[in-house]
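Inspection log for the structure reproduced underneath, given as structure tokens.
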Amino acid sequence: MRIPLGHPARTPAALTPHLLTLGLLCAGAMFSSVQAQTAPSASPPSARPPAASPPSAAQPSAAQPSAAQIAPQFRPPTIDWTREARVISGVSVAPGGDLVFIGSDARIHRTDAGGSELWNYAAGDLGRAYPVITPQGGVIAASYDDSVYALDTTGKLLWKLRLDGDIFATPALRADGSVIAATAGGTVHALSAAGKTLWTFKAGAPVFSSPAIAADGTIYLGTQGSQLLALTPDGQLKWSFRAGSLVFSSPAIDAAGNIYFGSSDRKLYSLDPAGALRWTRQTGLFVNASPIVTSTGLVVVGSYDGQVYAVKTDGQDAWTYVAGSPVAAPAAELSDGTVVVPDLSGTLHAISAGGQPLWQLRTGKKMDLGVTVSDAGTLYFVTEGGGLNAVRGLRPLAVGPWTTFHALPSAVGRAPSAGELQAAAQARKGAASAVLSALTPLAPVATAPIATGPTAITPPVPISPAPTPAVPAPPAPTAQVPPPSSAAPAPASASASASAPAQPVPLLTPQQQAIVAAGVARADGGQIYLPLAASAGALNLSVGSVTPRSANIMVDGALLAVTVRVFNNVPFVPLSALAGLPGTAARLDLTPAPAVTLTRADQDITFPISLVQLVPLREKPEFPGVLPK
């Protein structure tokens with residue numbers, strides 16, 4: 001029996017009218033009680049997750065700083081436009097920038113990049129699955145009327161096929177144009193490009209997990225029978241793996257073919273292509289969100305415990321970010337490594353590649369669908385009630401095997417080939433040229449002064465030739481700066497002030513000094529730049545997140561932003577910015593040898609330089625040939 005469209009049970013807030021399992025209903029109830037981290041005992045016994053197992057090999061590092069202790073570093077970007085489009089499904093982006101989604105009017109909509117409607121087609125019911133956009137620009141969509149629809153670029157119906165149950169999972173598109181669709185009736189269907197049934201497979205339980213197709217054609221999907229299934233391209237069971245509870249999460253696949261998925265048993269799982277368990281990562285509550293794999297090899301997924309976890313593909317923790325509200329939607333990675341993920345409180349979080357909070361955009365409206373990023377750097381997201389929102393002027397999606405839900409913005413659900421990745425990189429590079437060349441820097445959020453521009457440097461103070469003081473053993477890069485040498489300081493020259501600091505103690509060994517002199521310093525636009533890590537470490541300052549344009553340095557308990565430039569993947573900081581940090585001074589000494597001296601806490605640290613060998617600074621762009629402003 002079907003429930004009428006106007007019935008409250010068919011609203012976007014309800015994922016299904018009559019087949020949603022008790023586990024997900026429990027999860028929704030836990031959020032509605034405004035308890036971001038609810039104890040499992042608040043759930044009915046039948047929906048209660050199993051007791052937490054002993055921690056696996058992938059555990060948080062004790063040295064990892066808590067993200068909850070650090071406020072966002074930048075003001076959030078502005079929402080450029082909002083369309084009350086009554087969106088109920090995920091939003092997919094075509095290579096040309098068009099958007100496709102299903103509305104609460106049970107129609108499949110296609111709009112341009114600005115949200116203006118191009119056409120719509122009446123489906124037989126609502127649909128939550130992301131529409132899939134074919135390489136030719138056609139659309140494959142699924143709805144609660146048990147049917148899969150194929151439309152051409154103008155919205156004309158090519159074919160429609162009725163299956164054996166509601167379709168919540170996003171179909172996957174194979175390289176030959178055939179479609180893999182799974183239903184709440186527990187059947188996996190393979191459909192030809194012409195809409196004919198090729199084969200079916202009985203999964204034994206309802207399927208809400210969207211199928212993912214590996215490079216070798218293997219099909220992976222999770223079931224409400226707590227299993228992850230692997231099927232051969234012709235529909236035979238290859239292997240199955242049993243998790244501890246329901247699997248709503250859709251699998252992600254890395255470049256090596258390893259599989260990652262979450263479960264309501266509070267764990268993130270990693271399996272190898274043969275189905276063997278590689279590792280698990282315990283979280284505090286359900287992991288119903290779908291993971292992504294970033295371009296740098298981090299598996300990122302949110303949990304109902306209000307945290308976002310980043311785990312290296314070998315199972316070691318990279319970072320954990322505290323969102324503060326349950327996370328049910330997948331993340332997406334931008335080209336500079338920023339991870340963007342929404343939570344159920346209606347906040348969009350931007351997290352640096354190192355796990356630091358960059359900005360938070362608060363809408364006050366629940367978000368349970370992932371963001372979608374166009375090649376032109378526009379980020380789209382849907383808020384409760386169906387509002388379609390766009391933030392323009394951000395970076396394009398990162399190029400990688402699974403950097404967004406279902407692999408690509410077109411939601412094909414198939415691991416892209418090397419050729420497809422190269423084509424994606426070229427397309428994003430072309431579209432990104434205008435975006436990155438006019439990129440507006442995010443405004444930093446800070447209560448203390450921020451050194452972002454040229455500031456006065458103490459005029460050079462010549463130092464008379466003097467015996468070289470004793471050099472202590474070089475410390476580790478982040479170790480305490482060694483105390484001044486016991487050797488008597490050299491006499492100050494007549495031009496030096498009586499209060500001039502003692503002869504600087506070199507931080508580096510002679511061999512390291514030779515490397516520094518060979519060109520570690522850079523000059524550009526009349527400024528001298530020093531390596532960020534080395535200079536901050538020498539000053540005993542910790543570095544937070546780093547982007548191609550800015551970095552954050554912890555100074556006296558305050559997180560301050562400084563501009564950076566990138567050269568050969570190494571971030572450099574202007575000497576003027578270092579000089580502008582509270583309690584820090586810098587000077588350029590020309591005799592007895594050219595050197596930059598940084599002074600902090602009455603300690604001098606010297607960086608020898610060779611003015612002859614200073615070379616212009618050139619950034620390493622995210623896309624070759626495209627330089628941010």
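General remarks:
- Total residues in the range 137-181, condition over 19 Å from D98 (Cα atoms) and out of contact with any His (no Cβ under 6 Å at 6 or more places or on another chain): 26
- Filter pass, L229 being open to solvent by 30 Å² or more (accessible area, probe 1.4 Å) and either among the aliphatic types (A, V, I, L, M) or within 23 Å of A106 (Cα to Cα) (or both): no
- For the range 75-122, the tally of residues that are open to solvent by less than 20 Å² (accessible area, probe 1.4 Å) and among the hydrophobic types (A, V, I, L, M, F, W, C) stands at 11.
- Only one entry of P291, P357, P326, P342 meets the criterion of being on the phi < 0 side of the Ramachandran plot and in contact with a Pro (Cβ under 6 Å, 6 or more places away or on another chain), and that entry is P357.
- Filtered by the rule that a residue be hydrophobic (A, V, I, L, M, F, W, C) and closer than 21 Å to I219 by Cβ, the range 140-158 gives I140, A141, A142, V148, A150.
- Enumeration of residues in the range 149-161 that are within 23 Å of P416 (Cα to Cα) and open to solvent by 10 Å² or more (accessible area, probe 1.4 Å): D152, T153
- In this structure, A205 does not qualify as in contact (Cβ under 8 Å) with a residue 24 or more places away in the chain and not basic (K, R).
- Selection from the range 289-320 of residues that are open to solvent by less than 20 Å² (accessible area, probe 1.4 Å), among the polar types (S, T, N, Q) and more than 10 Å from the chain's Cα centre (by Cα): S290, S303
- Evaluated against (1) in contact (Cβ under 8 Å) with a residue 60 or more places away in the chain; (2) open to solvent by less than 10 Å² (accessible area, probe 1.4 Å), V139 falls short on exactly one condition, (1).
- For Y309, the conditions (1) modelled with pLDDT of 95 or more; (2) more than 22 Å from I253 (Cβ to Cβ) are fulfilled apart from (2).
- As a summary of the residue check, P548 satisfies the conditions (1) under 25 Å from I351 (Cβ atoms); (2) open to solvent by less than 40 Å² (accessible area, probe 1.4 Å); (3) at pLDDT 80 or above; (4) not polar (S, T, N, Q) except for the one numbered (3).
- The condition of being among the charged types (D, E, K, R), over 20 Å from L229 (Cα atoms) and either surrounded by fewer than 18 Cβ atoms within 10 Å (Cβ to Cβ) or without any contact (Cβ under 8 Å) to a residue 24 or more places away in the chain (or both) holds for only one of D146, D176, D164, that being D176.
- Condition broken by Q426, with the remaining ones in (1) more than 17 Å from the chain's Cα centre (by Cα); (2) touching a residue at least 24 places away in the same chain (Cβ under 8 Å) satisfied: (2)
- Residues of the range 321-337 that turn out to be among the β-branched types (V, I, T) and surrounded by fewer than 21 Cβ atoms within 10 Å (Cβ to Cβ), as a count: 1
- Some residue of the range 191-211 being in a loop (DSSP other than H, G, I, E, B), over 25 Å from T403 (Cβ atoms), β-branched (V, I, T) and out of contact with any Lys or Arg (no Cβ under 7 Å at 6 or more places or on another chain): no
- Breaking point among (1) at pLDDT 95 or above; (2) surrounded by fewer than 17 Cβ atoms within 10 Å (Cβ to Cβ), for I133: (2)
- Residue within the range 265-285 that is closer than 20 Å to T170 by Cα and open to solvent by less than 10 Å² (accessible area, probe 1.4 Å) present: no
- If you go through the range 405-431 and pick out every residue that is aliphatic (A, V, I, L, M), open to solvent by 20 Å² or more (accessible area, probe 1.4 Å) and assigned to a loop (DSSP other than H, G, I, E, B), you end up with 1.
- Filter result for P206 (under 21 Å from A415 (Cα atoms), buried (at least 17 other Cβ atoms within 10 Å of the Cβ) and not polar (S, T, N, Q)): no
- Unmet requirement for G385, which otherwise passes all of (1) assigned to a strand (DSSP E or B); (2) open to solvent by 30 Å² or more (accessible area, probe 1.4 Å): (1)
- Matching option when the condition is farther than 26 Å from L237 by Cα and modelled with pLDDT of 95 or more, among G177, G155, G186: G155
- Across the range 360-394, the qualifying residues are those that are touching a helix residue (DSSP H, G or I) at 6+ places or on another chain (Cβ under 9 Å) and at positive phi, and the one among them that is modelled with the highest pLDDT is G377.
- Looking across the range 232-257, the residues that are farther than 24 Å from L163 by Cα and either open to solvent by less than 30 Å² (accessible area, probe 1.4 Å) or aromatic (F, W, Y) (or both) come down to W239, F241, A243, S245, A252, I253, D254, G257.
- Qualifying residues in the range 551-573 (those that are over 24 Å from S335 (Cβ atoms) and small (G, A, S)) - the one surrounded by the most Cβ atoms within 10 Å (Cβ to Cβ): A558
The values are calculated or read from the model by the stated rules, or taken from the named source; none is laboratory data. These figures come from a predicted structure and were not determined experimentally. For neighbour counting, all protein chains shown are included, and Cβ atoms are generated from backbone atoms with ideal geometry for every residue, glycine included. For accessibility, only protein heavy atoms count, side chains too; no ligands or nucleic acids. Shrake-Rupley method; radii C 1.70, N 1.55, O 1.52, S 1.80 Å.
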